[in-house]
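Heads up: the structure comes next, in structure tokens.
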Amino acid sequence: MSCPFAKLHAGNSSSSTASTETSASSTPAIDGSTINRLVTFMTGSPDAAFLVDREGKIVYRNKASQLMFLTDVNAMSLCSIFSFAPTSPRGVATTCWDDIANSLANSEPQHHNVYVTDNDGSRLDFRINLVKLPPDFCGEANRDVYACAYVTPAHDHTNGRRTMASIAEEGTEHSAEKSSQLRQHMQDVVQASLDPMVGLHEDGTIAVANDPAVHLFGYTRDELLGKEIATICPTAREVQNLLDFMNAPSINQKQKTTAATKDGQELSIELGLSLNQSFAASKQAVYFAHMKDLSQMEEHRSEIEHKDNLCQAMINASFDPMFGIDQRGKIIVVNEAACQAFGYTRAEFLEQNISMICNEKDAASHDKYMRRYLRTGKKRVVGRKRAVVAQRKDGSEFHVELGVSEVTLPDGEKMFCGYVRDRTQERLDKQNLRRKEAVIQDEFFTGLSPEDARGTMRRKLSDAAAQARATMQ
């Protein structure tokens, strides 16, 4: 492709000449009143082209320049990329941009032989065509644009120096190699995760996926790659757009949402999305979607809740109060009979110390007794029944029989089960029996010792039984 500067100069000098040039070439003529058509020309050019400001800093470069030099050259100066060969009549190397800028005349092309030193030390020769752009050419909004630089291959291709075609081909191969390396780095990251994980491009397509993701969603790896994440999990795409809008590295809170498998099954998942603005030093934004399948977890949780409810129902079926406490004395299980006996609700019982049902004397010593047992293993209450005084929520005390059993959990922690039987009625019945015995003693056997009274009672009962048998005969 030919250099556009001849057309540029002609376009500024004569409109008729510009019209002739336009008809003679497939390249559109450049209108001297706007910079847009020059940028359009540069965009379609297979050779590198730059727009620079008065200080020589690059303010725009086309796609060919990005591919050729494989670096982010924005905000770099033209002289930092190219070394200028001696071209002045006195053989002095022109390396200062100020010298070059001062020598430029409006719309008059100026040519310089330059070279770039590659990483392997080899020298790449180019020719830069420079032209100073008139102020009215750029427009008020582009006052910082000073000149245009159009880079073409050097005419001398001897001594083993590479041509522009070979450079472009190598650049394409190098770009493809870098893309392949980037994908491999992303694959290494997602493959290290035990949960489903995918890497996303900025447009929301899946770049890489690990084995758990392939297994979870039912696709082959080839089917997943390039697929829109929104077709699997719309929320993931929404979060990705939000991250891009906020320019944030991640959303702090993981989200519970749904995803769809290949066969249309809806899954409950936990989603987390992170953004790496320059992953593996590639200067490319890469998104990683972390997913956890909650379906089996929710089924397991439902099963546990069912078993807990069944266990609680069995405990509630007991007529006597029952408590389950941990080794710190906190109540973790309680039945309805306990709530009725002590006047507390279940919520008031749970996570409270069991000493809340002890009388004042025992409450002060309960935790000390428990620590001593855990330290020594000597049983004084565990495995035995004993009579104690308990206290209700309203402060009233009553006599109970307490039985305590010990359970060792798989993790080694101990749990204690307490069974409480209210002895209030039993004690009342015994008191009534003793009272009745005293009444009988006073009425029928006054003056006799208890032993004589019982003997007399047995004889009277025996005589009455004998008389009843005789009557029946």
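The values are calculated or read from the model by the stated rules, or taken from the named source; none is laboratory data. These figures come from a predicted structure and were not determined experimentally. Glycine also receives a Cβ, built like all others from the backbone with ideal geometry; neighbour counts cover every protein chain displayed. Accessible surface is based on the protein model in full, side chains and every heavy atom, while ligands, DNA and RNA are left aside. Shrake-Rupley method; radii C 1.70, N 1.55, O 1.52, S 1.80 Å.
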Computed E for T220/E299 - FRET, C-beta separation, R0 30 angstrom, nearest 0.05: 0.65
Taking K379 as the anchor, which lysines have their alpha carbon closer than 18 Å to its alpha carbon, excluding any fewer than eight residues away along the same chain? K368, K414
Distance cut-off 18 Å, Cα to Cα: go down the list K393/K430; K361/K393; K330/K385; K385/K430 and report the pairs above it. K393/K430; K330/K385; K385/K430
Output needed: percent of Cα pairs per 10 Å distance bin for region 309-421, bins running from 0 to the one holding the longest distance. 13, 50, 32, 5
Can you give the accessible area per residue of region 365-431, in Å², using a 1.4 Å probe? 69 Å²
Excluding residues fewer than 8 places away in the same chain, name every one of the lysines whose C-alpha is closer than 30 Å to that of K63. K7, K132, K178, K227, K283
Given axes a ≥ b ≥ c from the Cα gyration tensor, I'd like to know whether region 260-348 is rounded (a/c under 1.5), prolate (a/b larger than b/c) or oblate. prolate
Taking Lys and Arg as +1 and Asp and Glu as -1, residues besides M314 with C-beta under 13 Å from its C-beta add up to -1
So, over other residues within a Cβ distance under 11 Å of C358, counting Lys, Arg +1 and Asp, Glu -1, the net charge is -3
Accessible-area value, R434, 1.4 Å probe, nucleic acids and ligands omitted, Å²: 140 Å²
Sort the following peptides by mean Cβ neighbour count (other Cβ atoms within 10 Å, averaged over residues), highest first: 267-273, 113-119. 267-273, 113-119
Of the listed peptides 122-134, 301-313, what is their order by residue-averaged count of other C-beta atoms within 10 Å, with the highest listed first? 122-134, 301-313
Built amide H within the under 5 Å cut-off of N62, gap 5+: A49
Quick one: which residues, 5+ away or cross-chain, put their amide H under 5 Å from the amide H of N210? H built at 1.01 Å from N. M197
Using modelled backbone amide H atoms (1.01 Å from N, in-plane), which distant-in-sequence or interchain residues come within less than 5 Å of M76's amide H? I58
